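Worksheet: the structure to be examined is printed underneath.
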Amino acid sequence: MPDNLRTLEQIKAEFAFSCVKNAVQLGTNYKSYVKKLPMLIKTNGLGPAFAFMFSKKNKEEGKYWNEIGKTIFDWLKECNKIDKNNVSNFDEFVEYLSKINSTEYRILTNEVLSFLIWLKRFADGLITGD
């Protein structure tokens, strides 16, 4: 179906499903971290939550946080929520969050939380175990 006949939520769901299917091999830790991230964002804010994810990139759990961060970054690029000319990867996106105005920050926060709803649902359905 052409994108102009589908809702943004359908497009978001399809993108999230595809990303989780590609991350299934990461297992239950990926699922667990996806489920934790919305509360981390709501409690600390988008910037601090992503800085936390960034700080884990060279640790054992970094492969899960990096995959989740890359997935979110890819979605934000896909839906044109970030300036593709100024930000080309998750690491640059973390820095970008510290430079934007509060309106754009709130828009990005809402979009990320909305996307994570789909990511969590599909992680629950596609990845077995707790």
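Just a few scattered comments:
- Residue check for N80: more than 11 Å from the chain's Cα centre (by Cα), at pLDDT below 95 and at positive phi: yes
- Residue selected from segment 104-120 under the condition under 12 Å from K81 (Cα atoms) and open to solvent by 30 Å² or more (accessible area, probe 1.4 Å), by the criterion nearest to the chain's Cα centre (by Cα): N110
- Among (1) open to solvent by less than 40 Å² (accessible area, probe 1.4 Å); (2) of a type in the set (V, I, T); (3) closer than 22 Å to T128 by Cα, the one test that I82 misses: (3)
- Restricting segment 8-37 to residues that are small (G, A, S) and open to solvent by less than 40 Å² (accessible area, probe 1.4 Å) leaves a set whose member that is farthest from W65 (Cα to Cα) is A13.
- Residues (open to solvent by 70 Å² or more (accessible area, probe 1.4 Å) and farther than 14 Å from G69 by Cα) located in segment 85-101: N85, N86, S98, K99, N101
- Here the condition is being farther than 14 Å from V112 by Cβ, among the hydrophobic types (A, V, I, L, M, F, W, C) and surrounded by fewer than 17 Cβ atoms within 10 Å (Cβ to Cβ); of L5, L40, it holds for L5 alone.
- Some residue of segment 70-77 being under 15 Å from the mean Cα position of the chain (by Cα) and of a type in the set (D, E): yes
The values are calculated or read from the model by the stated rules, or taken from the named source; none is laboratory data. Quantities reported herein were computed from a predicted structural model and do not represent experimental measurements. Virtual Cβ from ideal backbone geometry, glycine too; neighbours counted across all protein chains shown. What goes into the accessible areas is simple: the full protein's heavy atoms, side chains included, and nothing from ligands, DNA or RNA. Shrake-Rupley method; radii C 1.70, N 1.55, O 1.52, S 1.80 Å.
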